[in-house]
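For reference, the structure I am asking about is given below.
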């Protein structure tokens, strides 16, 4: 609730400031234009006065500038509202586990297995997952067989190649996918909990407990 109230207040304040700045800018432009126009009329050559077409053209230019100012103000307001909406959407994910690009696996005393996923750009006849410990030593090679294009879920049972349970700790994995002699592009996906939401000039990002920062577009699934 506090996040929503703060975001709404910030959005309203930003919109009000943008509107005030735009109004001041437009008013200044109109005042300067009218002052120049009056000066021009007062100092025109009596034998060669300004034609109606010239006056109409200058008034049209002022109208165009004013219209652009108002359009910019409207667009700024819409972008501000869009940013606030994204923050609220992202804040609703705090505390949830999301599946996103990453190769982290974790084994704990309370969790003897670890779920992950493999995303393939195309179907593959042979997919292999290699799991390594914190020192980079291979502890398990999993032959996954054939996989379809898209996101494919999988689970590591927490055992090494000898069939023994590995020690609790952090692990990583890599993927090799082939379709005959053709290498299929693959992306490792892992689950991590959303700890916080951050907004910057680049947009809204999710801060994960795994120590990574991802954008909303990186999320494949949340639980």
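The values are calculated or read from the model by the stated rules, or taken from the named source; none is laboratory data. Quick caveat: nothing in here was measured; it's all calculated off a predicted structure. Cβ atoms come from the backbone with ideal geometry, glycine included; neighbour counts cover every protein chain shown.
Can you confirm whether the range 113-132 contains a residue that is touching a strand residue (DSSP E or B) at 6+ places or on another chain (Cβ under 9 Å), in a loop (DSSP other than H, G, I, E, B) and without any contact (Cβ under 8 Å) to a residue 24 or more places away in the chain?
So far as the range 113-132 goes, no, none of its residues is touching a strand residue (DSSP E or B) at 6+ places or on another chain (Cβ under 9 Å), in a loop (DSSP other than H, G, I, E, B) and without any contact (Cβ under 8 Å) to a residue 24 or more places away in the chain.
Evaluate the following for residue 129: is it surrounded by 16 or more Cβ atoms within 10 Å (Cβ to Cβ), at pLDDT 95 or above and closer than 17 Å to residue 188 by Cβ?
For residue 129, the condition - surrounded by 16 or more Cβ atoms within 10 Å (Cβ to Cβ), at pLDDT 95 or above and closer than 17 Å to residue 188 by Cβ - is met.
Could I ask something else about it? Report yes if some residue within the range 187-198 is in contact with a helix residue (DSSP H, G or I) (Cβ under 7 Å, 6 or more places away or on another chain) and either assigned by TED's automatic domain parsing to the domain that holds residue 119 or at pLDDT 95 or above (or both); otherwise report no.
Scanning the range 187-198 turns up at least one residue that is in contact with a helix residue (DSSP H, G or I) (Cβ under 7 Å, 6 or more places away or on another chain) and either assigned by TED's automatic domain parsing to the domain that holds residue 119 or at pLDDT 95 or above (or both).
Let me ask something additional. Please count how many residues of the range 180-198 are buried (at least 16 other Cβ atoms within 10 Å of the Cβ) and farther than 26 Å from residue 109 by Cβ.
Counting residues in the range 180-198 that are buried (at least 16 other Cβ atoms within 10 Å of the Cβ) and farther than 26 Å from residue 109 by Cβ gives 4.
So if I check each of 141, 155, which one is without any contact (Cβ under 8 Å) to a residue 24 or more places away in the chain and either on the phi > 0 side of the Ramachandran plot or in contact with a strand residue (DSSP E or B) (Cβ under 9 Å, 6 or more places away or on another chain) (or both)?
141
How many residues does the range 93-102 contain that are under 15 Å from the mean Cα position of the chain (by Cα) and either part of a loop (DSSP other than H, G, I, E, B) or farther than 16 Å from residue 215 by Cβ (or both)?
1
Also, I was wondering about something else. If I filter the range 176-213 down to residues being touching a residue at least 40 places away in the same chain (Cβ under 8 Å) and in a loop (DSSP other than H, G, I, E, B), which single residue comes out as farthest from the chain's Cα centre (by Cα)?
This residue is 180.
Still on this model: Out of the range 159-175, which residues are in a strand (DSSP E or B), in contact (Cβ under 8 Å) with a residue 40 or more places away in the chain and over 16 Å from residue 149 (Cβ atoms)?
Selection gives 165, 169, 170, 171, 172, 173, 174.
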